[in-house]
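Before we start, here is the structure in question, set down as structure tokens.
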Amino acid sequence: MTTFPPVTNFINGKNLKSEAQTMDVISPISGETISSLPLSSHQEVDAAVASANAAFPAWSGMTLKERVQIFFNYRTLLQNNIEELTELVHIENGKTMGEARAEVLKSIELCEFAVSMPQIVTNEIQEVSKGVECRIERKPLGVVACITPFNFPNMVPHWTIPNAIVLGNTVVLKPSELVPLSAMRMAELLTKAGLPDGVLNIVNGGKEVVEAICDHPDIKATSFVGSTRVAKIVYKRASANLQRCVALGGAKNHLLVLPDANVQMTANDVVASMAGCAGQRCMAASVMVGVDKVQHIIDQMVVEAKKIIPGESLGSVISKEAKERIEKYITEAEAQGAKILVDGRNTNVKGRENGYYVGPTIIDYVKPEMAVAQEEIFGPVISIIRAKDLDEAIGIENSSNYGNAAAVFTQSGALAKKVMAGASAGMIGVNIGVPVPREPFSFGGWNESKFGVGDITGKSSIEFWTQNKKTTSKWNPEDKRDWMS
């Protein structure tokens with residue numbers, strides 16, 4: 001197993017060692033320690049914010065087109081280093097190499113959207129009265145912060161950092177303490193691309209760093225991606241300190257499967273949605289609601305799930321604790337009367353016996369009140385709830401506290417539209433198991449899957465990362481006075 005030097009903080013363009021207590025960084029594919037990480041203090045957050053504050057006037061004073069040029073360079077560096085970046089994601093997160101590569105390719109796509117900003121962010125100007133002109137300009141907020149999760153160590157930082165920085169802000173990033181390596185490499189490549197010192201700063205650590213970000217008076221906005229429990233805390237705390245905040249939380253995505261659905265496509269897509277990235281994504285299929293007679297589709301799902309090979313086509317979950325938690329949900333559902341069709345408990349991968357693997361798991365005859373049907377499991381597990389008709393199925397979906405994604409599998413346009421209209425979720429799929437919008441469309445759920453207004457990706461991110469400056473001008477002293485004089 002590859003090992004890496006101890007992780008530092010990245011402040012004002014320099015890798016700075018911390019005097020704080022450290023924790024081990026463990027690769028979930030082997031259970032081996034691959035690095036160490038400082039549990040930084042609020043003083044180090046203060047230093048990062050001071051660096052970002054100092055860099056803000058010069059950075060925001062550049063034109064949008066000038067700022068974009070650096071991300072053109074950076075996009076090329078991502079492309080040139082794709083194999084190394086893929087390997088980093090694989091080692092620190094546990095994804096398969098194919099999934100890790102797809103994550104890096106998505107990061108490149110996110111950069112491409114950021115460099116399109118000069119064609120998207122245009123000022124508005126209009127003559128509103130004779131000789132009187134009004135204009136609106138987009139201005140950056142100042143120092144902003146991004147708190148990112150373990151499940152996409154390369155992609156999720158790219159949800160926020162390219163857009164926030166291109167729009168003129170300076171950034172403090174706090175990556176998940178479980179996966180710090182990709183973020184640190186990202187900082188190195190941005191420096192090589194020409195990003196000035198202080199525009200991006202990284203503070204590694206745990207709870208104290210998050211609290212310091214939420215409390216800091218000089219941070220104007222914070223984005224968060226993680227569990228709903230923590231998203232609520234971050235949103236309340238940052239908002240109480242007068243920051244803008246969008247906090248993306250967890251999910252319990254429902255896939256409604258109708259009897260007329262294409263059998264092979266549906267089975268493939270539902271199982272891929274459930275098991276992709278080991279189920280550790282907020283867009284993963286978690287509950288399948290089978291409407292009326294769908295046994296033929298369930299049978300094919302079992303066939304497809306049994307083709308998945310842990311350690312080859314299925315990556316690890318993030319930690320020993322995650323493996324134990326996921327398997328506990330399965331055991332509890334079985335004890336409550338659910339039927340395990342495919343059982344991923346006690347999975348071992350030859351040569352990686354100390355890795356954290358859970359095999360694909362399909363649980364049938366789940367009742368809506370069971371924990372496995374209500375709570376976010378974040379593993380390669382899907383619960384099947386039986387519904388007599390589509391109205392009942394939509395009601396089951398609506399009863400979830402979450403609202404990230406929902407999907408319907410059917411050949412009927414009318415029934416699909418009924419689900420599109422009735423599902424209580426921010427992202428809807430029709431015959432698509434992972435309905436992630438692509439740029440320029442933004443990512444974001446409803447209900448307890450998102451807290452705050454707006455989104456942090458796509459066109460919606462422009463509103464979040466900027467503020468409007470409105471100017472009214474008059475250059476016609478010869479005209480009579482009116483209400484605008």
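The values are calculated or read from the model by the stated rules, or taken from the named source; none is laboratory data. This one's a predicted model, so the numbers in the text were calculated from it and none came from an experiment. Every residue, glycine as well, gets a Cβ built from its backbone with ideal geometry; the counts of neighbours run over all protein chains shown.
For segment 364-379, which residues satisfy the criterion of being part of a helix (DSSP H, G or I) and in contact (Cβ under 8 Å) with a residue 60 or more places away in the chain?
Matches in segment 364-379: Ala373, Gln374.
Restricting segment 109-127 to residues that are crowded, with 19+ Cβ neighbours inside 10 Å and in contact with a helix residue (DSSP H, G or I) (Cβ under 6 Å, 6 or more places away or on another chain), which is farthest from Arg75 (Cα to Cα)?
Only one residue fits best here, namely Met117.
Which condition breaks for Ile161 when tested against (1) within 25 Å of Gly98 (Cβ to Cβ); (2) of a type in the set (A, V, I, L, M, F, W, C); (3) surrounded by fewer than 21 Cβ atoms within 10 Å (Cβ to Cβ)?
Going through the list (1) within 25 Å of Gly98 (Cβ to Cβ); (2) of a type in the set (A, V, I, L, M, F, W, C); (3) surrounded by fewer than 21 Cβ atoms within 10 Å (Cβ to Cβ), Ile161 breaks only (3).
Enumerate the pairs (first residue in segment 159-173 and at positive phi; second residue anywhere and modelled with pLDDT of 95 or more) with beta-carbon separation below 7 Å, excluding pairs fewer than 6 apart on the same chain, so at least 6 apart or on different chains.
Matching pairs, first to second residue: Gly168/Trp59; Gly168/Ser60; Gly168/Arg67; Gly168/Pro140.
Can I ask one more? Conditions first: (1) surrounded by fewer than 21 Cβ atoms within 10 Å (Cβ to Cβ); (2) in contact with a helix residue (DSSP H, G or I) (Cβ under 7 Å, 6 or more places away or on another chain). Val230 passes all but one, so which condition is the exception?
(2)
Right, next: Which of (1) touching an Asp or Glu at 6+ places or on another chain (Cβ under 9 Å); (2) charged (D, E, K, R); (3) not assigned by TED's automatic domain parsing to the domain that holds Leu141 is the odd one out, the single condition Glu478 does not satisfy?
(1)
Can you find, within segment 23-43, the residue that is surrounded by the fewest Cβ atoms within 10 Å (Cβ to Cβ) among those that are of a type in the set (Val, Ile, Thr) and under 19 Å from Arg185 (Cα atoms)?
Taking the candidates together, the pick is Thr33.
Quick one: which of Thr457, Thr361, Thr410 is in the same structural domain as Lys95 (by TED's automatic domain parsing), in contact (Cβ under 8 Å) with a residue 24 or more places away in the chain and not hydrophobic (A, V, I, L, M, F, W, C)?
After applying the criteria, what remains is Thr457.
Continuing with this model, one more query. Any residue in segment 60-76 that is surrounded by 18 or more Cβ atoms within 10 Å (Cβ to Cβ) sitting within a Cβ distance under 6 Å of a residue that is small (Gly, Ala, Ser)? List the pairs, counting only those 6 or more apart or interchain.
Partner pairs satisfying both residue conditions: Ile70/Ala193; Ile70/Gly194; Phe71/Ala114; Tyr74/Ala193.
Looking only at segment 429-450, how many residues end up being in a strand (DSSP E or B), buried (at least 18 other Cβ atoms within 10 Å of the Cβ) and more than 14 Å from the chain's Cα centre (by Cα)?
Of the residues in that region, 1 qualify.
Out of Ala416, Ala371, Ala421, report the one residue that is crowded, with 20+ Cβ neighbours inside 10 Å and either among the small types (Gly, Ala, Ser) or at pLDDT below 95 (or both).
It is Ala416.
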